[in-house]
Amino acid sequence: MLKRAVILSLIITLFLSLVQFNLQSTYGNKIDYKKIFKNECVKCHGMDGKGSERGKNLGVPDFTDPEWQASVTDEQLIASVTNGKKKMPKQEGKLSPEEIKAMVKYVRMLAPKKRR
Ligand code: HEC
């Protein structure tokens, strides 16, 4: 009876460490886009992507507007974030190309989920 409990707990421990390992390799080295957004972008674009007071005065688009989302391509957004666009400060040299791509993905995630 005791033996069984030991074996069972060994199996559980092994299983849990496998799950943890998988989670780590999936999320471990990911770019922390939320942190970058908070530090570099929120002052103009706002936490929700609609635009802060300051951002609205500068003419930021509303990232939660599906029409705006549909009107721009990823390539265009990557180019705008990299090189800047009018009042949008360029991020080249500040963020790596991988980080910029991740930021554009994040901007896409701010769009409202399509209802089914
Ligand atoms: C100083 C304010 C400011 C900051 C900081 C800022 N932005 Fe912007 N952003 C703007 C403005 C203004 C625009 C609108 C540019 C235009 O089309 O006139 C814009 C536009 C954009 C666009 C749309 C570009 C397009 O092609 O239409 C994206 C995407 C974007 N910003 C992402 C970011 C990300 C990601 C960060 C942080 C790394 C960031 N912005 C930081 C002001 C800012």
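Between helix 2-27 and the chain, what is the angle of the helix's C-alpha long axis to the longest principal axis, kept within 0 to 90° and rounded to the nearest 10?
20 degrees
Hey, what do the phi angles of the stretch 71-85 turn into as Karplus ³J(HN,Hα) couplings, whole Hz, using 6.51/-1.76/1.60 and θ = phi - 60°, x for Gly and Pro?
With coefficients 6.51, -1.76 and 1.60, one gets 8, 10, 9, 4, 4, 4, 5, 4, 5, 5, 5, 5, 9, x, 8 Hz.
Over 19 Å between Cα atoms, which of 35/56; 86/113; 56/113; 38/90; 30/87; 35/87 qualify?
Violating the 19 Å limit, Cα to Cα: 35/56; 86/113; 56/113; 30/87; 35/87.
What full-extension length gain, to one decimal in nm, is calculated for residue 50 and residue 35 as 0.36 nm per residue of separation minus the Cα-Cα distance?
Gain on stretching residue 50 to residue 35: 3.7 nm.
With angles folded into 0 to 90 degrees, how steeply does helix 97-109 sit against the dominant principal axis of the chain? Use alpha carbons for both and round to 10.
Orientation of helix 97-109: about 90 degrees from the principal axis.
Using a probe radius of 1.4 Å on heavy atoms only, what accessible surface per residue do you get for the chain? Whole Å² is fine.
With the other protein chains kept in place, the chain gives 80 Å² per residue.
Most fluctuating residue of 104, 81, 72 in a GNM of the chain with Cα springs under 10 Å: which is it?
Its mean-square fluctuation being the largest, the pick is 72.
Give me the percent of accessible area attributable to carbon and sulfur for the chain, probe 1.4 angstrom.
Summing carbon and sulfur atoms, their accessible area is 60 percent of the total for the chain.
Which cross-chain or sequence-distant (5 or more) residues have an amide H under 5 Å from the amide H of residue 31, H modelled 1.01 Å from N in plane?
Here the answer is none, since no amide H 5 or more places off falls under 5 Å of that of residue 31.
Taking a ≥ b ≥ c as the square roots of the Cα gyration tensor eigenvalues, with a/c under 1.5 meaning rounded and otherwise prolate when a/b beats b/c, else oblate, which class fits the stretch 33-109?
rounded
The values are calculated or read from the model by the stated rules, or taken from the named source; none is laboratory data. Source: prediction; values computed, not measured. With ligands, DNA and RNA removed, areas are computed over all heavy atoms of the protein, side chains included. Shrake-Rupley method; radii C 1.70, N 1.55, O 1.52, S 1.80 Å.
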